[in-house]
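Nothing in this text is a laboratory measurement; each read-out follows from the coordinates by a stated rule. Keep in mind it's a predicted model, so treat the numbers as computed, not measured. Note that each Cβ is placed from the backbone with ideal geometry, even for glycine, and that neighbours are counted across all protein chains shown.
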Amino acid sequence: MRTRLIAAAAEVRLAAVAPYSKFRVGAALLARGGEIVTGANVESASYGLTCCAERVALFAALTGGKRGFVAVAVVARAPGGAMPCGACRQLLAEYAPGAKVWVADSRSLTKVRTFTVERLLPGAFKIVP
Ligand code: THU
């Protein structure tokens with residue numbers, strides 16, 4: 001399943017809309033029912049409006065009714081892969097707290113680094129327990 005999720009993130013990465021940074025990121029979420037939901041980063045000329053791949057995937061999954069995420073794969077062309085940014089970590093902590101985070105470089109998809117969401121954002125802010 002890890003290989004499939006990484007492959008899905010690598011594939012959707014190619015659909016990233018990143019005309020400014022040219023840095024394409026793909027993310028794939030595995031929901032508890034086995035479904036995979038993907039997303040890639042989308043940038044804006046008003047740079048701050050850019051949305052990361054992880055959040056595009058997460059928002060699509062949530063609004064598609066998915067819950068209880070088992071894992072999220074993130075693929076980018078960077079040594080060791082790209083780590084989720086702080087904003088994405090917060091959203092993962094809220095909506096995918098139990099997910100494993102698999103990170104890989106698009107040039108070597110078999111080298112995967114694994115994290116927990118708790119490790120990426122210890123003691124995350126939450127209102128709803
Ligand atoms: N980006 C992501 O999509 N995910 C990350 O984990 C880090 C950064 C995007 C945002 C922006 O489009 C580009 O990478 C460069 O920062």
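Provide Rg over Rh for the range 33-129; use the alpha carbon set for both Rg and the Kirkwood Rh (inverse mean inverse pair distance).
Taking Rh as the inverse mean 1/r over Cα pairs, Rg/Rh reads 0.96.
Can you compute 3J(HN,Hα) from phi for each residue in the range 58-69, using the Karplus curve 6.51 cos²θ - 1.76 cosθ + 1.60 with θ = phi - 60°, rounded to whole Hz and x for Gly and Pro?
Each residue's phi maps through the Karplus curve to give 5, 5, 5, 5, 5, 6, x, x, 7, 8, x, 7 Hz.
In a Debye calculation with equal point scatterers on the alpha-carbon sites of the range 61-109 and no solvent, what is log10 I(q)/I(0) at q = 0.17, 0.18, 0.22 Å⁻¹?
-0.55, -0.60, -0.81
Can you list the residues, at least 5 places off or on another chain, whose amide H is less than 5 Å from the amide H of Thr50, using H built in the peptide plane?
Ser44
With θ taken as phi - 60° and the coefficients 6.51, -1.76 and 1.60, list the Karplus ³J(HN,Hα) couplings across the range 7-21 in order, rounded to whole Hz; mark glycine and proline as x.
5, 5, 5, 5, 5, 5, 3, 5, 9, 4, 10, 10, x, 8, 7
Residue by residue, what Karplus-based ³J(HN,Hα) values in Hz, rounded to whole numbers, does the range 113-119 have, using 6.51, -1.76 and 1.60 with θ = phi - 60° and x for Gly and Pro?
Each residue of the range 113-119 in turn: 9, 10, 9, 9, 5, 4, 5 Hz.
Which of the residue pairs Lys66/Lys111; Lys66/Lys100; Lys66/Lys126 have a Cα-Cα distance greater than 26 Å in the structure shown?
Lys66/Lys111, as the Cα separations exceed 26 Å there.
Rounded to the nearest 20 debye, what is the charge dipole size of the chain about its Cα centre when +1 sits on each Lys and Arg Cβ and -1 on each Asp and Glu Cβ?
So the magnitude is around 280 debye.
Whole Å is fine, so just give me how far the alpha carbon centre of the range 24-73 lies from that of the range 83-119.
Distance between centres, Cα-based: 12 Å.
Please state, to two decimals, what the Cα-based radius of gyration of the range 1-86 comes to when divided by 2.2 N^0.38 Å (N = residues).
That works out to 1.03 for the range 1-86.
What do you get for trypsin sites (Lys or Arg not before Pro) in the range 14-78 restricted to DSSP loop and a cutoff of at most 13 other Cβ within 10 Å of the site's Cβ?
Lys22, Arg32, Arg67
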